[in-house]
Amino acid sequence: MRIDVVSIFPEYLAALDLSLIGKARRDNLLDLNVHDLRDYTHDRHRKVDDTPYGGGAGMVMKPEPWGEVLNRIATESPATGPLGEKPILIVPAPAGAVFDQAMAYELAEAQHLTFACGRYEGIDERVLEHAAESFDVRPVSIGDYVLNGGEVAVLAMVEAIGRLIPGVIGNPESLVEESHSDGLLEYPVYTKPGSWQGREVPEVLLSGNHAKIARFRRNKQLERTAARRPDLIVELDASTLNRHDRDTLWHNGFALVEGRIVPKDQIAPE
Ligand code: 6GU
């Protein structure tokens, strides 16, 4: 996969040299190019922002350097195929669609991703309109809070996407049993010593009884998802739940009503 990132703080992206993503680059599984937006200015001050038309606080990123760098990336894109497919341009912004594991899986299939990191109040809207001629443009947010710029969001997204590229994670099995892969949060994990500061590892994990261990872990997934992320519980496909699952959910505040999972306190009394 090819990834291009455009930023006025390219040093922010240096962290992508580390760990699994850094190794994926060295192994040529990931061709990552970071561009300094200021290299596409032509004035002495390398100016990338200006005051907003219509007034208001803050500064807006000027269109010209963005136009130049995106044209160059589009021209070099390996994803402009015979069927007219467009490379994807992700624009990190709190006003975007929320990034999640399903989006990470979808984007991990792409041949080429470009990330346009805005700063200040954002990028002149005409840049996105112009870019849409050569890219599939997607404003994306990493959650309901505001960052000063897109760089930290790009670090999160590239890590989430990059680890799903075949060959990046040594043991692909570990992708199957992680949080969000089945709509539930991960179960708690333990390692040696079996007793630490008076706290014991749950006995069932030492039992060697694989069916019992699987049930224990599944219950923990259901319990902690019910407590921490009740929004995920009501989205579960009820047909994937067995009698034990439904019983655990009942004891954690959820009932199955006409094939749907609902919080018990929302069931109207007879
Ligand atoms: Cl993707 N960018 C910025 N600047 N702020 C954010 C965000 C992205 N996601 C949440 N807040």
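Overview of values
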{"item": "For peptides 152-165, 215-228, 110-123, 172-185, sequence by mean Cβ density within 10 Å, most packed first", "result": "110-123, 152-165, 215-228, 172-185"}
{"item": "Positive-pole candidate from 255, 161, 118, dipole of the chain, charges at beta carbon", "result": "255"}
{"item": "Value at 222 nm in deg cm²/dmol, rounded to 500, when DSSP H runs of n ≥ 4 in the chain each add -39,500 (n - 2.57)", "result": "-9000 deg cm²/dmol"}
{"item": "Sulfur and carbon atoms: percent of accessible area, segment 195-266 [1.4 Å]", "result": "47"}
{"item": "Dipole moment magnitude, nearest 20 debye, segment 159-270 about Cα centre, only Lys, Arg, Asp, Glu C-beta charged", "result": "360"}
{"item": "Principal-axis tilt of helix 210-228 within the chain, Cα atoms, nearest 10 degrees", "result": "60"}
{"item": "Å² of accessible area per residue within segment 1-156, as computed with a 1.4 Å probe and no ligands counted", "result": "53"}
{"item": "Portion, in percent, of the accessible area of segment 2-170 that falls on carbon or sulfur, probe 1.4 Å", "result": "53"}
{"item": "Of 62/86; 23/220; 23/86; 192/212, those spanning more than 30 Å from alpha-carbon to alpha-carbon", "result": "23/220"}
{"item": "Segment 195-266, accessible area per residue, ligands and nucleic acids excluded (1.4 Å, Å²)", "result": "70"}
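The values are calculated or read from the model by the stated rules, or taken from the named source; none is laboratory data. Nothing here was measured: the structure is a model prediction, and the numbers come from that model. Virtual Cβ from ideal backbone geometry, glycine too; neighbours counted across all protein chains shown. The area values use the complete protein model at the heavy-atom level, side chains included, leaving out ligands, DNA and RNA. Shrake-Rupley method; radii C 1.70, N 1.55, O 1.52, S 1.80 Å.
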